[in-house]
Amino acid sequence: MNYRQVTADKLPLPVREHLMRGQHDAAVSLLVNKHRQTEESAKQLIEEYRQNLRERKVALEIQIMNEQQAKEAHDMHQLWWVWGVRIALVIALLALLYLMLRSLN
């Protein structure tokens, strides 16, 4: 990978692997030695990468919460609809029963 292409959202795979294993110093030295970054810029790239990951994690958590809320709202709407139909059927049956009993007298 060309050193100009190394950005916070496009860290080389070996660097990301070192970070996933918690090997921060190895990731910095890999950026410095193989990708011609200064130590300060390598640390800055790694920090930006971590910040980017945190932001994406928060965005995913928000998306999951929104989807759960939408599902709960849909389930609640469906529950109200089902119970509304049941109540309407019970009222209709009671009305029919009343009419049948009234016609017998």
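Each value in this text was obtained by applying a stated rule to the coordinates, not by laboratory testing. Quantities reported herein were computed from a predicted structural model and do not represent experimental measurements. Please note: Cβ atoms are built from the backbone with ideal geometry, for glycine as well, and neighbour counts cover all protein chains shown.
Observations, loosely collected:
- Sites matching trypsin sites (Lys or Arg not before Pro) across region 6-50 that sit in DSSP coil, with at most 11 neighbouring C-beta atoms within 10 Å: Arg21
- The chain - charge dipole about Cα centre, Lys and Arg +1 at Cβ, Asp and Glu -1, debye rounded to 20: 240 debye
- Segment Gln78-Glu17, extension gain: residue separation times 0.36 nm, minus the distance between their alpha carbons: 17.3 nm
- A simple spin-label model places the labels of Gln68 and Glu39 4.4 nm from each other, with each point 7 Å out along Cα-to-Cβ.
- Taking the chain and dividing mean pair separation by its residue count, relative contact order in percent (alpha carbons under 8 Å, at least six apart): 21 percent
- With the simple spin-label model, which puts each label point 7 Å out from Cα in the Cβ direction, the Leu97 to Val58 separation comes to 5.9 nm.
- The chain - Debye-derived log10 I(q)/I(0), Cα point model, q = 0.15, 0.21 Å⁻¹: -0.74, -1.01
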